[in-house]
Structures are given as C-alpha cells and as structure tokens.
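Okay, structure first, notes after.
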Amino acid sequence: MDQITIKKRPRSEAVITQRKFFKKTARGKVIKVLRERYLRDDVSCGIRGCIACHSSLEHSLPASGAPHPSFPNGHFVLPDTNIFLSQMDLMEATLFTPPIILLQTVMEEVRHRSLALYNRLKALTKTDDKKIWVFYNEYRSETAVIREENETPNDRNDRGIRKTTEWYNSHLQVTRPPIRGQAPPKIPAVVLLTEDVANRQKAESAGITAFSMKRYVESLPEANQLLDLLAVTDSNGIEPTRASGVRQPLYPEYLLTATLAAGVKAGKLHQGYFNANQYNYLEGSVPVPAFNKPVLLIGRENMNRAVSGDIVVVEVFNEKEWKAPADEVVDQDTTLKNDNAEESGDEGEESDGEMAAREKRLVKFEESARSAERQPTGRVVGIIKRNWRAYVCHIDSTSLTSLNATSLAQQTVFATPVSRLLPRIRLRTRQAPMLIGQKILVTIDRWDINSRYPEGHFVRSLGKVESKEAEQESLMLEFDVRYRPFGKAILDCLPPEGEQWVVPLKDDVNPEWKNREDLRQLLICSIDPPGCQDIDDALHARPLPNGNIEAGVHIADVSHFVHADTPIDNEAADRGTTVYLVDRRIDMLPSLLGTNLCSLRPFVERLAFSAIWELTPEAEIVNVRFTKSVIASKAAFTYEEAQIRKDDPNQQDDLSHSIRLLNTLAKKLKEKRMKAGALNLASPEVKIYLDSSESSDPIDVEQKELRETNSLVEEFMLLANISVAEKIQETFPQTAVLRRHLPPPKANFEKLQDILMKRRGIKLDVSSSRALADSLDTCVDPQEPSFNTLVRIMATRCMLSAEYFCSGSVARDTFGHYGLASAIYTHFTSPIRRYADVLAHRQLAAAIGNSPLHPSLHSKSHVEHVMDVINRRHRMAQMAGRASVEFYVGLALKGKNEREAKGGGVKEEAFVIRTFRNGLSVFVSKLGIEGLVMFKKEIKFDAENYTITVPAPSGEVTIAVFDKVSVNIQVEKDKNTQRGKVKMSLMSPIDSSDL
Amino acid sequence: MSSRVEILNDGGYRSDGRRQFELREVTINLAQQGHADGSAIITHGLTQVLVSVFGPREAKMRSQTIHDRANINVDVNVAAFSAGERRKRSRGDKRILEIASTLKSTFEPVVQTTLYPRSQIDVYVTVLQQDGGLLQTCINGTTLALINAGIPMLDFVCAVTGGVHSTSPLLDLTTLEENDVPHVTVAIMPKTGKVALVTMETRLHVDRFEEIFRLAGEAGKVLHREMKSAVMGRTSALVDAMGSQGTGIDRDGDEPMNTA
C-alpha cells in the first residue's frame, strides 16, 4: 500500500510547472486551458544498480549497456520520434538488441502521429526479449522542458529529447564517481538516434553523441540483415536517385488536409474506403454515402496512389463524364511485365511513356455504352488515413539485375503481393537473390508523386513458396490472424490443477457450487461434427407431467475460467475468434480450456450455463429460465451417429427418445422460422479429405453433407441465442452485446434480378426477406438441381454481412437479423471459440443476478470498441478459412493431376457467373472454387444480354450467364512470381485452349 | 479510448505527473480579508476558493431565527472567470444551490450551533479558480474559515475526492480526470474518524466503492495535518505579534487575550 502524500509545487516554479494553452471546441469556441504538472525527483533512470534511483524492477536496463564497436564502454540508445515512425520494423527485429531508453515525449508524439504505430510500440515495450525502459522525462524535474515562444511543438520535443540525453550522460557520470585507488569506472554512453539532420547537428554542438539509424546499424555486427529492415526515409535521402530531380510527376499532388475536411463537410468531396478491383488493376471504387453506387475510379492518375483499405477523399466528376466499369480483365503481371524496377536515367523515361500509353489503351471506353450502367466516376484528391501494413509478397525474378546468389549488392526489385488488390511494391534489398522463391513480408513506406509504384522495405522471410509452413503463415499474416503461442501471463490465468481439474464435491463451501444448479442427473448429450474437440454445447429434452416439454441447451461456462480484465481475457478479446484452417485450428483460448476443462465431454462433470425452456408440443415457448449449472453429459454423438440412433426403431432407451423429442421440436421451430421469412442461404462449402494426419496432403475434395440432426442442433442454438438476446437487452439496454444483419439495399440485387429475368425469365422479389425466400424457392431448373444452389450463392453475395453491435449505439428498429428473420439476436452458444459469446455470458450472468458485471461492460465506449475488433477478426477469420480451403483445393487438384499422370488437368462441370469482354468467370460447384477463362482472340460480347459469342469451326457458339459448361482445371505456377495459379480453359461447348 | 490523454499510464503516472495516491499542492492563506470575522483562501492544485465567515451575529430575518441554536447560512458564488470558458452563473443555478446546501448540511452537525441561540452564521464561498475537486475545496475552505472566525466546532472537516480508473483508485482528481472516471467525495472528521459527507454523482461499481471510500478517508487525515499546521502557524503568528507589543501578557496563561 502506497503512502498518501501531498505533492508540493512551489509557486516560484510555476513557469515550468504550469501550462497554458488555447483549445478550439467543435463549435468553434476558443477555451483557455490551464494544466499543472508536478515535477519529481523520483522518476527512475531505469539502469540497474544506479545509486541515485532505486530501480529494483526486473525490466531495468543492464548497468553496463551493450557493447558496440564505437563505444568501448558500452552504450544505451535513445531513439527520437522519427525513428519509431519510420523504422518500426527495425526496432522490432529480434536482431536489434541494444538497451533502449524510450522517452515519454517520444511515446506521446508517436501516439499523436499514428495510433497503429503507437500500439506496436506499446506491445514492443512489453515483450520480454527487448530491453526497453520508458523514462518519463516530462515529469522529472531536470529533464522537463516548456515550449518557448516561437518554438514549434516539434522543436520543443526535440529539445526535450536532447536535454534528456544530456541529463542521462551526466547522470551516469554522477552516479559512478571514481573511487580512489581503483580504476576509473567505465561509463557507458547514451546515444541519441535521430533521422533529423538538424536535430543531429544541434545535438552535436551541445556535445551529445547523435547517430542516424543507418550509421548506427552499419557498425553493428549484424548490419547486413538489419540494413534491409531500414526503411527508406525522405529526410536525408539515403541514396538520392539520380533522376529524381528531373522526373515528371506521375500523379497529382494531394490537397491539403484542411481543404479536404472543408470539402467533405460542404459535400463537394466524398470520403470512403478505397476498394481495388480484383479483376482490373487499373480500376477501383469507393463506396460513399452520397451515392447509391460506389464512386468509380478509372486509371492510375485517378486512383492517385490509393492502396486497398485506405480511407480516401474523392472528387466526383461532372455527370457527363460518368463511366461504366470496364468489362475486361486486366492483369497487372502480364501488362507490366517489362517495367523496370530500377527506373534509372533516360531509359526509364522512355519506358514510362510507353507504359503510360499501353495503360491508356486499356482504359478505353465505349462511349455509346449503356447509360444505365454508368456510375459516379471521380478521382482521389487526398488520403485521410493510410491503412498500410505488412504484405505477403514474392520477389519478381525478372526485376533482378543480378541473379548471382552470393551477390550482396543492393538491388531494386519488385515485390508482387499475393493479394491481387495491391500494387507491386518497389523494394531495395541486398539479399534479393536469396529471396527468390520465398514468401516475404514487405511494408510500404511511401508513395511519391513521381514514382509509379509505392516504395517499401523487406521485413522478414516466411519460407519457401508452397512449403506448408510458409503458406500457412502468410495466410495468417495476410488476414491478420493472431497465431503466436499463448504467453506465460496468459497461461498463468488457467487453474493451477491443469488437466487434473475437476468439479469439486457439492457443498456450500466450494465457490464453484455457489449459485449453481445441480443438473447432473439430466440425460444430456452433445451432437457435433466428427472429431470435434471443443464441445461447447449440449442438449436435453424431457416431457413434463402437464404435457409440455422441457428442453435445455447447456453451454460451456467459459466465463467461470476467464474473468474480465485478466491477461487471458485481453488476449481472447484481441483474438476475437478461433480460426479454423483446413489443417490447423488457431485457438482463441488456451487448449486446456477449449478442449478439456470447458469442453462438455461425455461422462465427466462440467460447469455449464443452461437455458431451459418449457415448450408446448407445438414448440411455443411457455417460459424460459437461465441458470449456471453442473452437468454430466451422457453421450457425445456425431451428426451421423445421432441420425442413425434416431432413425433406428430398435433403440428405445431414454436418450433416443430425448433425441427424437428434440428433433420434432426442432422441425416445428424451423417451420415457424421459415414462415417468418428466414432465408435458406448457401455458400460453397467443401470438405477436404486429408491423406493422413502426418502428411496432411489432401487427396480429395467433396461438398459438405447436411443431415436432419445438423438442423436439430442449429434450431436449438438459434432459440437459445434469441432468448438470451432478449434477456440481456432488457437488463442492459445500453451495453448489451448483440448481433444483427441489416436488410440489403435493393440496388444490390439489381444486377442479379436483371440476369435472372433476361436469361431465365424468372422474377426475383426482394421486397422482404420472406418474399426473397419464396422467390428463391422458385428458382429451379428441373434439369439442373444445382442451379438453385448457384442462385442462392449469388443472392448471398448481394447481401450485407452480419455484425456484432452494442445495443446502446444504434437505433432500436435496426436490431433485426434479416437472414434469420428474428427481431433480436446475439451469440451465446460458442464461448470457447467466439469472444462475443463470452461477453454475452457475463452479461447474462449479471442479468440473472449470479455475479456482478465487470465495470468495463457497463461502458458503452468500451463495448463498442470490443465489437469493432471482433467484427473485424470475425471477417478476417472467415476469409482466412476460405483462403485455406482454396489453397488445399489447389493442392488436391495438383495431386490429382500428378497421380493420374495425364498432365492435362482435371475436367469439371461449371456454371458461368459473369461474362467479360475477353473472358468468363465460372464457378465449379463441386470444388467450390471460382475461376477465370480468358480468351486471347476477339470474341463478341453482348453486355445487355450477358452473353459472349465465340467463333468455332462449326460456326459460332454463344455462351451466357448460368450456362453449364465444362472446364479443364490446371494449376500452374507463374514463372515470375511463383504464385500458384488456377488456370481454367473451356472444354465444352467449345474447346478454348487455342483461343 | 480515443482520448489523447492517458488518465494513468503504464509507469503509474497520472496526466499531471502525480502518482495514484498523491494529492495536489495545498496552500492555505488565513490572513484577514476585509470585514470578515474569519476567512480562508485555500488552493488544491489549480482550484482556488475564498471563504469568508461572518458571525455569529444576530439574525437579520425573524423567519430564519431558530430559538435554540444558530442558523448557518451558506452562499456560494462562482466567479465567471474561474473556468477556462468564461461563463456567468446566475444565483439560482442548481449546481451552485446544491453545493451550498451540501455545505450547510455538512457543517450543521459539526459547528456547535447550540452555543449561539437565535443568531446566524453567514458563510460566503467564492470560487476563484476551478480545476476539479470543487466540493472538497469548498468544504476544506469552510472548515478553515470557521476556525479562523473562532467559531467552536467539534472537529475539523476534511474532504478529498477519490476516483477509480478501471480498477486503480486515484485521489484528488483534476477536471480532466473527473470528466473521465467515476468519483466520490468523502468528508471526514479526523479526530473521531466519523464521516461527515459522502457524495457521488457518477456510477461507481459497488465492488470498488469500499476501497475508494477508505482511501479517501485516509487522505482526509493527511489533509488534516496540513490544515492543522496552517491554523497553528496562523495562531502562533498572531500570538507573536501580540507579544511583541510587550503589554505584559501572561504567556503561560490560558487566556492571553483577556488579561491585558
């Protein structure tokens, strides 16, 4: 317990201890703010063994600093703000090991400049393998500075940093006085690292050792690897490019931030996220609230250096200049094959012009074009926020000047991102030959107006292309999945008994039994997919004497083990969800909880959170209650086993009866839901068969099969989620964690409606979810059973995605879940693998008075923040899962090709889903993949009727959307980028291989 | 949290460089102010309050006289320039009336009003500067002014505001902190350890309340030492001043004032 004291702040020092500034409010009023600052002498310098400051903490820096060729007595580094802003990757590198003194001024400036970098910096200070001491220089009396007149905040901070460096050096001297008769003590140096030349000069004139990052790193033994991580900065031009002075700007300058803000406010400019077009690299779009359709950006100049995910400001052209999106597939790799990464001297100029002309040709339009399809067209005039992160890339081997593997010369090369949405990144590296054929991580540093491509730097290598480790890791990085093993602080939160943990004996003393119902005698069973280890739900049903039925859903009581605001909880909140990849699962919670203590395994007692209904035989809810409980599951079935047991008339035991009872209720529940207008949506789901657990080579792919028991479990989970949602919304109207699915805007369906009408003469009614459900049922083709599934898949793509939200932050009438046709919904039933469920558990426990709610869940802003994170993680996890399936489908195809030794590829049936001027997009339902069929020869394209006409020896063949074709699928490697590509060609009605 | 300022950073420092349990600078000025019978200017950090006490004197209005004790009349005035934004508060402002009535009900049981039947004690509180902890400053200032006026009281009344940031308690909040964290103002009588006032306008989790309440009480005792030494200092200065006149005051006597 710390002593309560009164801090003294002498009036005579008010000049330095008081800060006055003026602040302008949102309304434009100017307010004077006076703040005080208490300067202290007990801010520790953080160096171990210091006699003046007692830093006994384990995080303190080693007394002698670190060895460095230039500093025989050891040294500490004191980086300034621009080091962290531009060289974060280097600072994070494990090879970069000197003890770092991190100043509060620097932290605050980083935070002010970029929140993302600030978070990385904060995470960095907490890692164990870095020696970082945060020195609160603004609070130490000797190092605090105040802004002088006519001094910019930046200069003030720089001065503060220099002053602190000076102080550190003298502090080290003072605290290590020479002792008579002994050798003079070694006094390590404190080195100021800064990229700012002016700052360095000022520091040197004040007698402070100041280095640039480059100079500092160059003298380190690991210089070669570290120099690659060095980002390109503009301040002192590490290697000024020869032509930079004379080069023509390729892009227009951005407008000033103030102009942008004013423009957006006045409605002249529009702000939104930039989405690149995955089919055409010269086209992008920005959805803005002012228009129904997104604003189209055509051509490099108009996209003006925006990268997918950036928040940009666009200017919309006059309506006369509006265009329709191009119907062509334009591939960056093929078009820009010969572009020169080095772009040095006159040769570059020439090729630039040529390049521009080629691209111009691609960006041509049919002026007569269908005016109906025109959409707002514009150009990017500014960037509000860059969303650059590290991208997984390949080195483009053609851009290398020297392939000599031992060459350590610096080369400029192209890195091609795996994602088709991103531009190529220009990169300077000394290890280029070594990186060929590897997946690497590259960060974008900047994109100048006179550079066609963004410039970046190499972060690290992930491993060989197509090695499973590299592919998996790149996938996880690409989708920002947190896949690091759980840290010690997190594992310390687990019960100390570990695997041996059991539910203690029932008595009043054990806290586990407090407020818990004993449901161990109930006939509870779980039904899950085969091989499921994290069983988070179990069910029971039994008839009641009054003719009604009691049904219960029992969910693993994760919140008993994961308490709010503990390291394990924070980690789970950050991970948001468990990510399922084909051969791997990245858990949200440590596996001790997920697969053992919380998993509702059969024959053992487990803690659960139960929702128990009384239902009439017609499945009307009479009442519902929620309770924490202890259960003992009697059986764990797979869907198949449960189905067999239910259908077998010889099985007459109580458990089978209970399954049948559940099944009849589920059928009625489903019927009611369908009547209310719930949609039966489809997404391509396939199952990958792995050869054996060791090799994990896929051998076959097939579509997932659905049984009656799948729907049994689903119905009861929906029922539980809805009941819980109602309860927590009632108790916590401001902060309840709910999930909703907004009805899609009608415009989203226009294209699909038009295609269906023109091609099949079917009218799709999208006025309500009910109408849509009904009209989807009529979309059948007697000859083609999978046609209906295809339409459903396409309809699903027109919809918005469901999202988590905090009940207090949106209007009450937008709570509904469109797809499920439910007025309110949440996620409650899978707390092992979804964080939203954990929150719902906590809120429900508080709602029934079981345990008090943690203060953070009372705070709307906190809940909103968590919802944002888990929504993003959820989306990313879905995409990662899909990408993983795609990768394995590719592998399976490749394997099949090789085994059958034909080399000719796999022949599959496919549906045409989109037509282009020079190709078709097809969907192979059996494999659940989409592919492009490209034609090199001229073909006739009818955009109005969604058809293309291909010349054939036997006359012309017309192919339309929804037509069934058969395609030949091959996996081939792009020679330059090593990117595995699924290549499809048409087999029938016409062979396109020579077209 | 999107706010730029961290309430409590990882190093355990608050936005103004204090640690969790450190109170702001307190300055107390007990010098004579105008015609007041007792007055005090007290500063907690950047919050400054002037309290003037008049009385006990004969009640002006008949309706307000109480036959067996004195009536305490509190009037609070917030200077228009006290906060960053210039704002004139009317006398009928509900916030101001609330502070006044809180002060009145806090001091009624502490001041020995029964010694002065049918009289009134006027307390005029003027807020000169505001930066959080307004109520605590008003209470502490009133205590000092009453003592300075020589009005008998059972004990000091010392108030401190306590708040909680996530799970860490903080003491003596600034405006910045008050806007962000739930807080409680606790006034105690340090000798007896009795609680004179607990007031809270924000939602505070019940599990956190006890800790903060206890801490604020402890902090009140620390503040008491400061206030007491100010009173002692003022008194001994007065005594010294009298002694220097050399009128034969009995320095050891109980009542030096009356022996002249």
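We did not get these values from a lab; they are worked out from the coordinates using the rules stated. Since we're looking at a predicted model, the values are computed, not measured. Every residue, glycine among them, receives a Cβ derived from its backbone with ideal geometry; neighbour counts consider all protein chains shown.
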Positive-pole candidate from A:966, B:35, A:526, dipole of the protein assembly as shown, charges at beta carbon: B:35
I need the calculated FRET efficiency for the pair residue A:991 and residue A:917, taking r as the beta carbon distance and R₀ as 22 Å, to the nearest 0.05. 0.60
With a 10 Å radius around each residue's Cβ, average the other Cβ atoms per peptide and rank B:38-51, B:9-22, highest first. B:38-51, B:9-22
Cross-link pairs A:20/A:163; B:60/B:104; A:268/A:385 - those with Cα-Cα distance over 25 Å: none
With residue A:817 itself left out, Lys, Arg at +1 and Asp, Glu at -1 over residues whose Cβ is under 10 Å from its Cβ give +2
Rounding to the nearest 20 debye, state how big the charge dipole of chain B is about its Cα centre with +1 on each Lys and Arg Cβ and -1 on each Asp and Glu Cβ. 660 debye
Mean residue ellipticity at 222 nm from the helices of chain A, using -39,500 (n - 2.57) per DSSP H segment of n ≥ 4 over the full residue count, to the nearest 500 deg cm²/dmol? -9000 deg cm²/dmol
Candidate cut points under trypsin sites (Lys or Arg not before Pro) in region A:115-208, DSSP loop plus at most 14 other Cβ atoms within 10 Å of their own Cβ, are A:180, A:186
Neighbour net charge for residue A:574 - beta-carbon separation under 10 angstrom, K R +1, D E -1: +1
When the charge dipole of region B:26-244 is computed with +1 on Lys and Arg Cβ and -1 on Asp and Glu Cβ about the Cα centre, the Cα farthest towards its positive end, among B:137, B:63, B:114, belongs to B:63
Antiparallel content of DSSP bridges confined to chain A, in %, to 5: 80 percent
In the structure displayed, which of A:751/A:983; A:320/A:751; A:907/A:983 lie more than 18 Å apart, Cα to Cα? A:751/A:983; A:320/A:751
Measuring from its Cα centre, the protein assembly as shown shows a charge dipole (+1 at each Lys and Arg Cβ, -1 at each Asp and Glu Cβ) which, in debye to the nearest 20, is 2640 debye
Could you tell me what a quarter of the Cα convex hull surface of the protein assembly as shown works out to, in nm² with one decimal place? 65.4 nm²
Computed from the beta carbon distance with a Förster radius of 56 Å, FRET efficiency for residue A:708 and residue A:115 to the nearest 0.05 stands at 0.65
Residues A:434, A:876, A:984 in order from fewest to most other beta-carbon atoms within 10 Å are A:434, A:876, A:984
Share, in percent, of DSSP beta bridges within region A:66-229 that are antiparallel, nearest 5: 15 percent
Return the calculated 222 nm mean residue ellipticity for chain B, to the nearest 500 deg cm²/dmol, obtained by summing -39500 (n - 2.57) across DSSP H runs with n ≥ 4 and dividing by the residue count. -9500 deg cm²/dmol
Cα→Cβ-extended label distance, 7 Å offset, between residue A:155 and residue B:242, nm: 6.0 nm
Listed residues A:262, A:99, A:568: farthest to the positive end of the dipole of the protein assembly as shown (Cβ charges): A:262
Expected unfolding gain across residue A:122-residue A:206 under the 0.36 nm per residue rule, minus the alpha-carbon gap, is 27.2 nm
Inter-part gap, Cα centre of region A:861-880 to Cα centre of region A:52-117, in whole angstrom, is 32 Å
For region A:582-671, which GluC sites (Glu not before Pro) are both in a DSSP coil and crowded by at most 13 other Cβ atoms within 10 Å? A:618, A:620
Under a point spin-label approximation (7 Å from Cα along Cα-to-Cβ), what is the residue A:869-residue B:192 distance to one decimal in nm? 4.9 nm
Loop-resident sites, region A:483-549, for GluC sites (Glu not before Pro), counting at most 13 other Cβ within 10 Å (DSSP): A:497
So between residue A:13 and residue A:548, what do we pick up on full extension, going 0.36 nm a residue minus the alpha carbon distance? 184.7 nm
Computed from the beta carbon distance with a Förster radius of 41 Å, FRET efficiency for residue A:148 and residue A:266 to the nearest 0.05 stands at 0.60
